[in-house]
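The values are calculated or read from the model by the stated rules, or taken from the named source; none is laboratory data. Quick caveat: nothing in here was measured; it's all calculated off a predicted structure. All Cβ positions, glycine included, derive from the backbone under ideal geometry; neighbour counts span all protein chains shown.
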Amino acid sequence: MMTESPAKWTLNAALFNISQNLVEKPNFLMGLARKYAEMMNLSRAIPRPDLASCGYCLAETGEAYLLYVPGGEQVEVELGDGQGEWLLEWVHPQEGWITSSRLKQEGSMMTFDNPYVEGALLHVKKS
């Protein structure tokens, strides 16, 4: 009777876990992309690097913004002249963490602190 060595079993288990992560992460990221595509009117959203200090901004001006903010940085975003409430959602794309909050607009230019050490997505939507 042949049995596999514990070392070989551990290696196979590790390879299986790596394979699962390689399958699950792209699925998670595609789901994330779909979520934000459904939350924004992509037919009206255009790249607007001039509206955010980070330079990475897809904007449906005055309604919704999707930004990439490099790790640990603050970002200033031009939200327009209107006053109102906004929904914020920070997403850590590597880990899948999501932090949500609401804010009352206090001027056209708002500053947000990236809560993650790594780069993150920031979705800002008028409520």
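Couple of notes before you dig in:
- The requirement of being under 18 Å from Lys126 (Cβ atoms) and assigned to a loop (DSSP other than H, G, I, E, B) is satisfied by Ser43.
- Qualifying positions in region 90-108 - closer than 16 Å to His123 by Cβ, in contact with a strand residue (DSSP E or B) (Cβ under 7 Å, 6 or more places away or on another chain) and touching a residue at least 12 places away in the same chain (Cβ under 8 Å): Trp90, Val91, His92, Pro93, Thr99, Ser100, Ser101, Arg102, Leu103, Gln105
- Residue in region 84-92 that is surrounded by 14 or more Cβ atoms within 10 Å (Cβ to Cβ) and not in a strand (DSSP E or B) present: no
- Filter pass, Ala52 being at pLDDT 90 or above and touching an Asp or Glu at 6+ places or on another chain (Cβ under 8 Å): yes
- If you go through region 63-75 and keep only what is exposed (fewer than 13 other Cβ atoms within 10 Å of the Cβ) and either not assigned by TED's automatic domain parsing to the domain that holds Ile46 or not in a strand (DSSP E or B) (or both), you end up with just Gly71.
- Qualifying residue in region 76-89 (condition: under 12 Å from Ala120 (Cα atoms), at pLDDT below 85 and in the same structural domain as Glu118 (by TED's automatic domain parsing)): no
- Of the residues making up region 106-126, those that are modelled with pLDDT under 85 and farther than 19 Å from Asp50 by Cα number 1.
- Residues considered: Leu66, Leu32. Of these, the only one that is touching a helix residue (DSSP H, G or I) at 6+ places or on another chain (Cβ under 7 Å) and at pLDDT below 95 is Leu66.
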